[in-house]
Amino acid sequence: MPALQAVLDALREAIEARAPGPAIEKSTVRIFRALAERAACDTAPGQRLPACQYWNEALNHARAAPCGLRVLADALHALEPALRWVTRPSENHASANFDQGHANAVLLGPNGLERRDDVWIGLSLMAPLVRYPDHSHPPEESYLLLSPGQFRQGDAPWFEPGTGGMLFNPPAIRHAMRSGPKPLLAIWCLPLRCAA
């Protein structure tokens with residue numbers, strides 16, 4: 001799928017231009033090494049959710065940011081009709097508006113546009129003033145922010161990486177995110193079974 005490949009190429013370039021440390025650099029190398037071997041694409045139609053009304057606002061923020069995200073934002077815009085947005089259950093400190101205020105789309109992964117069991121790359125979109133629940137998972141995870149938002153790891157204070165900022169979640173760490181007065185759009189990358 002050419003639109004998906006354009007997103008992956010732009011994502012790799014964006015991460016390599018700003019990876020803030022060796023953990024994200026190593027994770028990125030493992031992920032993109034695995035992606036050299038392509039998998040089958042799903043051609044089911046896309047699906048939008050109520051939170052998707054903030055998609056264009058979040059992408060426009062990424063395009064206007066001085067940190068060089070225009071190519072990635074444009075590639076995501078082209079891919080958007082194919083995205084199948086889903087929600088996750090509300091739990092563990094999620095805000096009352098979480099159910100209608102968030103949407104996730106998997107680009108690569110078990111239920112992604114490209115079905116894979118070694119890499120998981122997706123998007124999280126949150127309406128303004130939404131808190132994502134505390135959660136954890138065995139694989140490590142890197143985030144690239146395309147709009148403003150705050151994150152927390154474990155019991156540490158909330159912090160804001162800024163648009164174009166990145167963060168790394170070590171394996172199994174409890175983490176959460178929340179949007180402020182603007183929608184939050186982030187790309188997350190997890191190497192599920194990538195060789196070191």
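The values are calculated or read from the model by the stated rules, or taken from the named source; none is laboratory data. For clarity, every value in this text was computed on a predicted model and none was experimentally measured. A quick note on method: Cβ atoms are made from the backbone with ideal geometry, for glycine too, and the neighbour counts reach across all protein chains shown.
Below, the figures for the structure above:
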| read-out | value |
| --- | --- |
| Single condition residue 56 does not satisfy, out of (1) surrounded by fewer than 16 Cβ atoms within 10 Å (Cβ to Cβ); (2) of a type outside the set (Val, Ile, Thr); (3) more than 16 Å from the chain's Cα centre (by Cα) | (3) |
| Residue 38 more than 27 Å from residue 116 (Cβ to Cβ) and charged (D, E, K, R) | no |
| Where a residue in the stretch 1-13 is in contact (Cβ under 8 Å) with a residue 24 or more places away in the chain and its partner, wherever it lies, is surrounded by fewer than 16 Cβ atoms within 10 Å (Cβ to Cβ) and of a type in the set (A, V, I, L, M), with Cβ under 7 Å and at least six apart | 3/78; 6/78 |
| Top-ranked residue of the stretch 26-55 - restricted to ones that are in contact with a helix residue (DSSP H, G or I) (Cβ under 8 Å, 6 or more places away or on another chain) and assigned to a helix (DSSP H, G or I), ranked as farthest from residue 83 (Cα to Cα) | 28 |
| Sole exception among (1) under 26 Å from residue 73 (Cβ atoms); (2) part of a loop (DSSP other than H, G, I, E, B); (3) among the small types (Gly, Ala, Ser) for residue 172, by number | (1) |
| Set 134, 118, 74, 155: member being modelled with pLDDT of 95 or more and among the charged types (D, E, K, R) | 74 |
| Positions within the stretch 10-25 being farther than 26 Å from residue 111 by Cβ and either assigned to a loop (DSSP other than H, G, I, E, B) or in contact with a Leu (Cβ under 6 Å, 6 or more places away or on another chain) (or both), in sequence order | 19, 20, 21 |
| Residues (among the β-branched types (Val, Ile, Thr) and surrounded by 14 or more Cβ atoms within 10 Å (Cβ to Cβ)) located in the stretch 1-52 | 7, 15, 24, 28, 29, 31 |
| Strands (runs of 3 or more DSSP E) contained in the stretch 61-169 and holding at least 3 residues in contact with a helix residue (DSSP H, G or I) (Cβ under 9 Å, 6 or more places away or on another chain), in contact (Cβ under 8 Å) with a residue 12 or more places away in the chain and more than 26 Å from residue 42 (Cβ to Cβ) | 166-169 |
| The stretch 23-40 residues that are at pLDDT 85 or above, paired with ones that are of a type in the set (A, V, I, L, M, F, W, C) and surrounded by fewer than 16 Cβ atoms within 10 Å (Cβ to Cβ) (beta carbon under 7 Å, 6 or more apart) | 30/195; 30/196 |
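Rundown of residues vs (1) more than 12 Å from the chain's Cα centre (by Cα); (2) surrounded by 20 or more Cβ atoms within 10 Å (Cβ to Cβ), yes/no style:
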position	(1), (2)
133	yes, no
136	yes, no
148	yes, yes
153	yes, no
157	yes, no
161	yes, no
170	yes, no
180	yes, no
188	no, no
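Quick grid of which residues meet (1) in contact with a strand residue (DSSP E or B) (Cβ under 7 Å, 6 or more places away or on another chain); (2) of a type in the set (A, V, I, L, M):
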site: 17; (1), (2): no, yes
site: 29; (1), (2): no, yes
site: 34; (1), (2): yes, yes
site: 37; (1), (2): no, no
site: 41; (1), (2): yes, no
site: 47; (1), (2): yes, no
site: 55; (1), (2): yes, no
site: 64; (1), (2): no, yes
site: 67; (1), (2): no, no
